[in-house]
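Trainee: The structure under discussion is supplied below as structure tokens; questions concerning it will follow.
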Amino acid sequence: MKLPVTSVLAGLALALTLGTASYAADIKIGVLVPTTGGQATYGQDMANSVQLAMDALNKAGPNTYSMVVGDDACDPQQAVNAATKLASSGISAVVGGYCSGATVPTLKIFGDAKLPFVITAANSTKLIPANPGNAFMINSTGNDQVAAALVVWKAKGYKSIAIVNEGDAYSQDLATLAQKGFTDAGGTVADFETVNHGEQDYSAVITKIKSANPDAVFWTAYDDDGGPFVKQLREGGYQGAVFVGDGSTSDNFFKLAGDAAEGVYAFSSPTADFLPAAKDFATAYQAKFNIAPSSYGPLTYDGMNLLADAITKAGGTDPTKLMAALQAEDYKGIAGEITFKPDHTLARSNFVVVQGKGGKWTLAQ
Amino acid sequence: MTLVTLLAQQLVNGLVLGSFYALVALGYTMVFGVVKLLNFAHGDVYMVGAFAGFVVLSLIGGMVGTSWLGVGLSILLSMIAVGFLGVVIERIAYAPMLRAPRLSILITALAVSLVLQNSVLSLTQGQVFAFSPKLGFAGINIGAVFINYKQVALAVVAALLMIGLELFVSRTQYGRAMRAVSVDRDMSELMGIDVNRVIAVTFFAGSALAAAAGTMAGAYYGSIWYFMGFLIGLKAFTAAVIGGIGSIPGAMLGGLVLGLLESFGTTLPGIGSEWKDVFSFTVLILVLVFKPTGLLGKSEQERM
């Protein structure tokens, strides 16, 4: 049988109209997070939060959401593989992005595939110039974190600090921003150190820090090494204040650092404990997964809901319309209001200062 | 902190780090001496040793506590268990390849490394475990230099193990057989030495030392994960080469030299922590250029 070309086109047009209609579409969302490796607990938590958001969205209808998880293992190489696989698995958009170093190389892949990407945790300022225009960051960036840090350090009257990073996109970015910020504010960075990820032995660096005798030490990398570092720092006899960045605000930090975590300050994205609006989220999360949500749960939950909201406003998943809808968003999530600057970063800073007390993070005075 | 104190403290740090490198380097050097194999899975044997020690300590911790006695016992049991693992690896993966070209067995070693790493990755989901025995913070002050008891214990255990190994190789029947096989395997076989058994003993001893280092590193640094063997494997190999691969005293010396290079490299202005690996690997290249056999290695003459 031979079909006239026009009727095929008409049928196609009909199918397209149906596909973009606002009712009963099946939408697949890619979730790029580390589900193995040192950062797996954060990644699993983010995937859980997306699932929780989808459960509610599917119940409310009309669209049905399902997710495809890509494991980046917090490793740039594996992230590229995971992103390429996601991009070819029929998804309409991506949510996630935890490790900045692993997220940077995926931006171009998702950009080329015209997939909108809501980044819910990664916040290195290196992501901003690497963004081909499809990515939207709903966590405050390193600039905001350093601004929050400077307020605290100034209030405490610190004259000199030591900064330790691991040379990856996230920790190096935060470390150099902090170094510049503190120097510009008239302080002295007495010691600036870079250690290898997974090195385990920090004794030489710690001895050097002790001899520089700074008022505070700022660890900018992740918790898997941050816990042991802080432990060794205290064992080595350092008495001053200790600060860690938002990559070390997990519960695992307390397991790894032990008693040394007491009194440590951290700059944290808003976690469920400190958000009145996140109470229902935390209860539902606990009921479904039998564990409390971790640091990036609320933001990732917001990220998925934001995306769904934008899909409704755009009348479907057409990439151009969806990205325009995201840029124009003014969404009120459980972690606060989400609007974007022209460079697709969050318009406000969302950092809170917390302190380790009795084996958990509490709001610092 | 005065400059002298700083340097003295870095000396202590370097010696502690160096004892780890030395213990792991011994396994590389012994296996290389006897079967001429660069056992790239050795770093991962160290990692498995750390996990074995962790499991043992969780099992016996309830009975003997997680203090010095508990840690001591878990080091011992981990050494035995991982020693046998080393023998099993050798029997399954290396024994059939011993007569094959050198390259095949090298690739096999890389495969064993990946198998060990990925098995532990799947079993642990790649998470970092806190290894936290109750060893306290106490220590002694020598002048202004602070040394905690953990560091002392570590250095003493490492020294005892190395002395034990040296006595084993130089004084016992098996040690003599080991040296004979390393000089000429075929001839040793003709002289009635059970070469397979000697190779098994070599793998047992090397793996047990790596397990001791792994368990001590876990207990000392406080965390273990599946990838912890990679970096130390590379560095212990470097230490073995600096000292002269195949030479047992060379591995001990190489380990200490590398540990000291790293801790002083971190302190030197213009090098710092960022460049310390560049610094120590440059030293490796210099050693190889000016003394290709390593610090204590003997040059081998090939007769035609």
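Read-outs throughout are calculated quantities, based only on the coordinates presented, and are distinct from any laboratory measurement. As the structure is a computational prediction, the values presented were derived from the model and not from experiment. A quick note on method: Cβ atoms are made from the backbone with ideal geometry, for glycine too, and the neighbour counts reach across all protein chains shown.
Trainee: Take B:SER207, B:SER113, A:SER88, B:SER58 and order them by how many other Cβ atoms sit within 10 Å, fewest up front.
Mentor: In increasing order of surrounding Cβ atoms, one gets A:SER88, B:SER58, B:SER113, B:SER207.
Trainee: Can you give me the relative contact order of chain A as a percent, contacts being Cα pairs under 8 Å and 6 or more apart?
Mentor: 17 percent
Trainee: Ok, one more. Give the angle, between 0 and 90 degrees and rounded to the nearest 10, that separates the Cα long axis of helix B:173-183 from the longest principal axis of the Cα atoms of chain B.
Mentor: 70 degrees
Trainee: Would you list B:LEU161, B:LEU69 from fewest to most Cβ contacts within 10 Å?
Mentor: B:LEU69, B:LEU161
Trainee: Starting from the coordinates of the alpha-carbon atoms of chain A, obtain the Kirkwood hydrodynamic radius over all distinct pairs and give the value in Å to one decimal.
Mentor: Working: mean 1/r = 0.0471 Å⁻¹.
Hydrodynamic radius (Kirkwood, Cα only) of chain A equals 21.2 Å.
Trainee: May I ask for log10 I(q)/I(0) of the stretch B:3-290 at q = 0.09, 0.11 Å⁻¹, from a Debye sum over the Cα atoms as equal point scatterers with solvent left out?
Mentor: Log10 I(q)/I(0), no solvent term: -0.43, -0.64.
Trainee: Separate question: If we count trypsin sites (Lys or Arg not before Pro) as exposed when they sit in a DSSP loop and have at most 12 other beta carbons within 10 Å, what is the longest stretch of chain B that avoids them all?
Mentor: B:135-297
Trainee: What FRET efficiency comes out for the pair A:VAL151/A:ASP280, r = Cβ-Cβ distance, R0 = 30 Å, nearest 0.05?
Mentor: 0.45
Trainee: Now for a separate question. Within the stretch B:54-125, list the chymotrypsin sites (Phe, Trp or Tyr not before Pro) lying in a DSSP loop whose Cβ has at most 13 other Cβ atoms in a 10 Å radius.
Mentor: Qualifying residues, ordered by number: none.
Trainee: Given N residues in the stretch B:113-196, what is Rg(Cα) / (2.2 N^0.38 Å)?
Mentor: Numbers: Rg = 21.5 Å, N = 84, 2.2 N^0.38 = 11.8 Å.
It is 1.81.
Trainee: What list of whole percents do you get for P(r) of the stretch A:178-238, with Cα-Cα distances grouped in 10 Å bins up to the one holding the largest distance?
Mentor: 20, 54, 25, 1
Trainee: Per the Kirkwood definition applied to all pairs of different Cα atoms, how many angstroms is the hydrodynamic radius of the protein assembly as shown?
Mentor: Values: mean 1/r = 0.0369 Å⁻¹.
Taking the inverse mean of 1/r over all distinct Cα pairs, the protein assembly as shown comes out at 27.1 Å.
Trainee: Let me ask something else. Determine, from the Cβ-Cβ distance of B:PHE281 and B:SER58 and an R0 of 25 Å, the FRET efficiency 1/(1 + (r/R0)^6), rounded to the nearest 0.05.
Mentor: That pair, B:PHE281 with B:SER58, gives E of 0.10.
Trainee: Among the trypsin sites (Lys or Arg not before Pro) in the stretch A:156-219, which ones are in a DSSP loop with at most 13 other Cβ atoms within 10 Å of the Cβ? Mind listing them?
Mentor: Details: sites: A:LYS156, A:LYS159, A:LYS180, A:LYS208, A:LYS210; in loops: A:LYS156, A:LYS159.
Sparse-neighbourhood loop trypsin sites (Lys or Arg not before Pro): A:LYS156, A:LYS159.
Trainee: Could you list which residues have their amide H under 5 Å from that of A:THR188, counting only those 5 or more apart in sequence or on another chain, with H placed in the peptide plane?
Mentor: A:SER160, A:ILE161
Trainee: Take each complete run of DSSP H in chain A, measure how far its Cα atoms stretch along the helix's own axis, and keep only those covering 27 Å or more with mean Kyte-Doolittle hydropathy at least -0.5; list them.
Mentor: Result, helices passing both filters: A:40-60.
Trainee: Need one number: nm distance between label points at A:ALA328 and B:GLN125, each 7 Å from Cα along Cα→Cβ, rounded to one decimal.
Mentor: Here the answer is 4.2 nm between the modelled labels.
Trainee: Check which residues have an amide H placed less than 5 Å from B:GLY139's amide H, if you skip close sequence neighbours.
Mentor: Under 5 Å from the amide H of B:GLY139 lie the amide H atoms of B:TYR149, each far enough along the sequence or on another chain.
Trainee: Which whole number gives the average count of other chain Cβ atoms within 10 Å of the Cβ atoms across peptide A:219-229?
Mentor: 2
Trainee: Here's something else I'd like to know. So for the pair B:ALA155, B:ARG176, with labels modelled 7 Å out along Cα→Cβ, what separation do we get in nm?
Mentor: Simple spin-label model gives 3.6 nm for this pair.
Trainee: Now, a different point. Tell me, in nm to one decimal, what length is gained between B:VAL289 and B:PHE168 on full extension, where the rule is 0.36 nm per residue of separation less the Cα-Cα distance?
Mentor: Residue separation times 0.36 nm, minus the Cα-Cα distance, leaves 40.3 nm.
Trainee: What angle, in degrees between 0 and 90 and rounded to the nearest 10, separates the Cα long axis of helix B:272-290 from the longest principal axis of the Cα atoms of chain B?
Mentor: Roughly 30 degrees, rounded to the nearest 10.
Trainee: Of the listed pairs A:LYS28/A:LYS313; A:LYS279/A:LYS357; A:LYS231/B:LYS291; A:LYS154/A:LYS360; A:LYS126/A:LYS255, which have alpha-carbon separations greater than 29 Å here? Can you show the working numbers first?
Mentor: On the way: A:LYS28/A:LYS313 18 Å; A:LYS279/A:LYS357 22 Å; A:LYS231/B:LYS291 40 Å; A:LYS154/A:LYS360 25 Å; A:LYS126/A:LYS255 31 Å.
From A:LYS28/A:LYS313; A:LYS279/A:LYS357; A:LYS231/B:LYS291; A:LYS154/A:LYS360; A:LYS126/A:LYS255, over 29 Å: A:LYS231/B:LYS291; A:LYS126/A:LYS255.
Trainee: How do B:VAL71, B:VAL4, A:VAL95, B:VAL157 rank when sorted from fewest to most other Cβ atoms within 10 Å of their own Cβ?
Mentor: Details: B:VAL71 28, B:VAL4 11, A:VAL95 32, B:VAL157 18.
Fewest to most other Cβ atoms nearby, the residues stand as B:VAL4, B:VAL157, B:VAL71, A:VAL95.
Trainee: Further question on the same structure: Taking a quarter of the surface of the Cα convex hull of the stretch A:143-268, what do you get in nm²? Display every interim value, and only then the final one.
Mentor: Details: hull surface 26.0 nm².
One quarter of the hull surface, i.e. the mean projection, equals 6.5 nm².
Trainee: As a test of the formula, what do you get for the protein assembly as shown when each DSSP H run with n ≥ 4 contributes -39,500 (n - 2.57) and the sum is divided by the residue count, at 222 nm and rounded to the nearest 500 deg cm²/dmol?
Mentor: Mean residue ellipticity, 222 nm, calculated: -19000 deg cm²/dmol.
Trainee: Next question. Using a 10 angstrom cutoff on alpha carbons, build the Gaussian network for chain A and name the most mobile of A:PRO319, A:PRO293, A:PRO342.
Mentor: Highest fluctuation of the listed residues: A:PRO342.
Trainee: Antiparallel as a % of all DSSP beta bridges within the protein assembly as shown, to the nearest 5?
Mentor: Values: 18 of 53 bridges.
Once the DSSP bridges in the protein assembly as shown are tallied, antiparallel ones form about 35 percent.
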